[in-house]
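The values are calculated or read from the model by the stated rules, or taken from the named source; none is laboratory data. Not measured: the values here are computed from a predicted model. Here the Cβ is made from the backbone with ideal geometry for all residues, glycine too, and neighbour counts use every protein chain on show. SASA here: full protein model, heavy atoms, side chains in, ligands and nucleic acids out. Shrake-Rupley method; radii C 1.70, N 1.55, O 1.52, S 1.80 Å.
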Amino acid sequence: MKKYEEEKYRMENIEDKIYPWVKEELRDSHALNGKNISERDTPLISFVGDLTVLLVIQRGEDAYEIIKDNMLPPDCDIERLYYKACENLARDVEFIFGHTWYGGYAVLADGHHEASSLCLRHIWDVCAQKLDDDLVIMAPSKDMVLFVPAKEEEKLERMVEFGKEAYDRSDDKVSRNLMIFTKEGKELLAYDKVQH
C-alpha cells in the first residue's frame, strides 16, 4: 500500500485540514516531522523573494504534519492544493491586527499561521486601502508578521530593528527580508526589487 492510500493520508480525509506555511529555512520546531524538511521529498511552492510555501496537515489541536511527496497521489495538482490550503486558512484562522509599540501593526492569529497570512492577498489589500499606502511587511518568524505604511520611514526603521531582534530570538525563523504589498497593483513583492 502506498502512503497516500493509507486512511490518514487519503485526500478526501485531509484536504479540509491542509494549510500553507511560509518558510525560508526548511525546518519547523512544532511540526511532527519538521526537523528534516528536504527539497528532495517535500513539495515546495515558490513564493516571494527567497520564501517558499510548504503545506501542512493539522493532526490535532496543536499538531501539524508537513506534507511529503509520498503522501500525495501521483496525479495531485500542487497548485490546486495550495489554493485549497489558502481557502482553508481563510475559513479556519482568525487574523487580528494590533498596534505595535513603535507605531506599526502586527498580525495576530494562533501562533502557527501568522506568516501564512502572507498568502491571503485580500487581507493585505484591505489594509493597504485603509492605510491608503503601499505596505512594507516583515515576517521574522512563523508567529509574527509586522507591517507599516511605506511612506512612514521612521516607523519602518524601528520595525526592521524590532523584526531582526525577533528573528534572532525565534525557534521558527522565517525571514529578515522585507516585502512590499502595492496598493495599486495589489501584489506582494520583494522590497529590494521595487523602486522606492
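What to note about this one:
- Qualifying residues in the range 1-46 (those that are buried (at least 19 other Cβ atoms within 10 Å of the Cβ) and among the aromatic types (Phe, Trp, Tyr)) - the one nearest to TYR167 (Cα to Cα): TRP21
- When restricted to residues that are within 18 Å of GLU87 (Cα to Cα) and aliphatic (A, V, I, L, M), the range 45-65 contains 6.
Here is a yes/no grid of residues against (1) without any contact (Cβ under 8 Å) to a residue 60 or more places away in the chain; (2) under 18 Å from ASP172 (Cβ atoms); (3) among the charged types (D, E, K, R):
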site: PHE97; (1), (2), (3): yes, no, no
site: ALA109; (1), (2), (3): yes, yes, no
site: HIS112; (1), (2), (3): no, yes, no
site: CYS119; (1), (2), (3): no, yes, no
site: ASP125; (1), (2), (3): no, no, yes
site: LYS130; (1), (2), (3): yes, no, yes
site: LEU135; (1), (2), (3): yes, no, no
site: MET138; (1), (2), (3): yes, yes, no
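- Per the listing LYS142, LYS68, the residue uniquely of a type in the set (D, E, K, R), open to solvent by less than 10 Å² (accessible area, probe 1.4 Å) and under 23 Å from ILE14 (Cβ atoms) is LYS142.
- When the range 157-168 is filtered for residues that are surrounded by fewer than 21 Cβ atoms within 10 Å (Cβ to Cβ) and touching a Gly at 6+ places or on another chain (Cβ under 9 Å), the ones remaining, listed by number, are ARG158, PHE162.
- If you go through the range 71-91 and keep only what is touching a Phe, Trp or Tyr at 6+ places or on another chain (Cβ under 8 Å) and either open to solvent by less than 10 Å² (accessible area, probe 1.4 Å) or in a helix (DSSP H, G or I) (or both), you end up with MET71, ALA85, ASN88, LEU89.
- Long-range neighbours under 7 Å by Cβ, at least six apart or interchain, first residue surrounded by fewer than 13 Cβ atoms within 10 Å (Cβ to Cβ) within the range 169-196, second modelled with pLDDT under 95: ASP171/SER29
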